[in-house]
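Reviewing the structure listed below.
The values are calculated or read from the model by the stated rules, or taken from the named source; none is laboratory data. Keep in mind the model is a prediction, meaning the values are calculated, not measured. When we count neighbours, we look across all protein chains shown, and the Cβ atoms used for this are built from the backbone with ideal geometry, even at glycine.
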């Protein structure tokens, strides 16, 4: 497990510096003047003006993995990939340039370096689905900086749920889509199954983030092929820093972990299933 | 703005609600800044039980208009785990430690109170009585006689302040508060969460893994204020008031209803420094009153 970057104590305001639509999603960029540089896989609790006032929802902040972070003159630019599916994500996706984005973070443990995940790792395989591709974009850049051989496989439901590819810049990615509008028609896990064929599976370090069904397929496939894998999971989460005990994820050997402090990045062999009850609550 | 809860003197009147702030996890996440800028005048631990508990199956949370429902199920390391692992870390906090305990029998309560109160790191104990007595099957905190008997049984075991955390899931909390006072409690705290259920819109079945849970957040504040008023009319004990406090103005409302101190709960989830802000706002609001006192 890689070391977390500690967060400044308290929620703080950032200025939204950019908002752009991308394939049905929105990328919101904000300038964090006070926070440290986050690591790939870490997340922030996000809220905005009007939270918990008009109509009462959204009330709790929302957890978002950081999709990219770049140090600038006046702070760190943080990019978040947002799919407006409920009251919280709709407010966040609607934030315009100049608006305030309230953040607490960076939170949680990041992805491990490939050789920590698998001492025999010869290459990394990144598997992302839908809006869950966000933390992999940042991981992809980090691995490119280290010149570590990496393959990126991304899957989308359809054209309306296929944004964020530009976060991967010009890097090569393998695509799958359920409606066949781009790349292989089918699931991204079909591509992973091909990539993990043969003895090479043991020299792979797999990183995945996406919807629960996809993550469970990745977890099961990696377990079967003997490929070490880290999964960035999602659960309903009220606080993000260990206070509420709401983000319980069942462990393979019984009991639960708090995903916000022990995750959100979790080794595949720590959990019995990646399908966590309650994930996707809007 | 110092206040007294029994023999416990606090620098200011803002605490945390039990189970709404984990100082050990928060220190891991935010580092030693937490010690330099601790948001509460005392730290109230998450409830501990004699044996370890894993907690309820997920989902454990549901957002409501201006609030949330939780059904966490009191996960904790148990008494031994708490004393060995948590207490040394909580002892490093710059504020007094109040340990919340719960049991389903008077004997188990007595073992918890005895073992916890003899530790010098512990300043006071809070009794979570929102649980059934397995012998009678009754929720202790819903029954004045049960509450009184429990307090009478525990009172001789410790000189440290005993705070009884009242449940709001009763017709009238005042008789229970009076029973706690008669039984020898030093203070009462209220409200705990309001029993609540949410349905999964996709299935029409209960959403929470445990079926039902407790409502908290801004939505419950009017209920909490009413209960604090009723309890204030019934007892002369210090009252720690809580329920939906998000601002200094909210806290002042509780003090006006008779609370001695207040606790911030769900607001911590939105901002780990919510307690500090509530305190600062409360102090600003109280300044005119203070200067009047000087005249």
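General remarks:
- Qualifying strands (runs of 3 or more DSSP E) (wholly inside region B:116-200; at least 1 residues being buried (at least 24 other Cβ atoms within 10 Å of the Cβ)): B:124-128, B:162-165, B:187-190
- Test for residue A:126: is it free of Cβ contacts under 8 Å to residues at least 60 places away in the same chain and in a strand (DSSP E or B): no
- Scanning region A:131-139 for residues that are more than 13 Å from the chain's Cα centre (by Cα) and surrounded by 14 or more Cβ atoms within 10 Å (Cβ to Cβ) turns up nothing.
- Considering (1) touching a residue at least 60 places away in the same chain (Cβ under 8 Å); (2) closer than 16 Å to residue A:12 by Cα; (3) buried (at least 24 other Cβ atoms within 10 Å of the Cβ), the lone condition that residue A:46 does not fulfil carries the number (1).
- Sole exception among (1) under 15 Å from residue A:124 (Cα atoms); (2) touching a residue at least 24 places away in the same chain (Cβ under 8 Å) for residue A:276, by number: (1)
- Residue count for region B:201-232, restricted to those that are under 14 Å from residue B:60 (Cβ atoms) and part of a loop (DSSP other than H, G, I, E, B): 6.
- Positions within region B:1-37 being out of contact with any helix residue (DSSP H, G or I) (no Cβ under 6 Å at 6 or more places or on another chain), more than 13 Å from chain A (Cβ to nearest Cβ) and not in a loop (DSSP other than H, G, I, E, B), in sequence order: B:3, B:4, B:5, B:8, B:9, B:10, B:15
- Close Cβ contacts (under 8 Å, 6 or more residues apart or on different chains) running from residues in region A:54-73 that are free of Cβ contacts under 8 Å to residues at least 24 places away in the same chain to residues that are surrounded by 24 or more Cβ atoms within 10 Å (Cβ to Cβ) and part of a strand (DSSP E or B) comprise A:56/B:67; A:59/B:63; A:59/B:67; A:59/B:68.
- Considering B:189, B:216, the condition of being away from every other protein chain (no Cβ under 14 Å) and touching a strand residue (DSSP E or B) at 6+ places or on another chain (Cβ under 8 Å) is satisfied by B:189 alone.
- Residues satisfying the stated conditions in region A:193-214, i.e. under 19 Å from residue A:112 (Cβ atoms) and touching a strand residue (DSSP E or B) at 6+ places or on another chain (Cβ under 6 Å): A:204, A:205, A:206, A:207, A:208, A:209, A:210
- Some residue of region A:191-201 being out of contact with any helix residue (DSSP H, G or I) (no Cβ under 7 Å at 6 or more places or on another chain), within 14 Å of chain B (Cβ to nearest Cβ) and either closer than 30 Å to residue A:51 by Cα or assigned to a loop (DSSP other than H, G, I, E, B) (or both): no
- Residues that are more than 10 Å from chain B (Cβ to nearest Cβ), surrounded by 21 or more Cβ atoms within 10 Å (Cβ to Cβ) and not in a strand (DSSP E or B) within region A:60-82 comprise A:66, A:67, listed in sequence order.
- Failed item in (1) more than 14 Å from chain B (Cβ to nearest Cβ); (2) touching a helix residue (DSSP H, G or I) at 6+ places or on another chain (Cβ under 7 Å), with residue A:185 passing the rest: (2)
- Yes/no for residue A:98 being surrounded by 15 or more Cβ atoms within 10 Å (Cβ to Cβ) and farther than 15 Å from residue A:134 by Cβ: no
- Filter pass, residue B:114 being out of contact with any helix residue (DSSP H, G or I) (no Cβ under 9 Å at 6 or more places or on another chain) and in contact (Cβ under 8 Å) with a residue 12 or more places away in the chain: no
- Complete set of residues in region B:69-85 that are over 19 Å from residue A:249 (Cβ atoms) and buried (at least 20 other Cβ atoms within 10 Å of the Cβ): B:69, B:79, B:82
- Any hit, region B:263-283, residues being over 13 Å from residue B:17 (Cβ atoms), modelled with pLDDT of 95 or more, touching a strand residue (DSSP E or B) at 6+ places or on another chain (Cβ under 9 Å) and away from chain A (no Cβ under 14 Å): yes
- Subset of region A:27-43 (residues that are surrounded by fewer than 23 Cβ atoms within 10 Å (Cβ to Cβ) and either assigned by TED's automatic domain parsing to the domain that holds residue A:169 or under 18 Å from residue A:96 (Cβ atoms) (or both)): A:27, A:29, A:31
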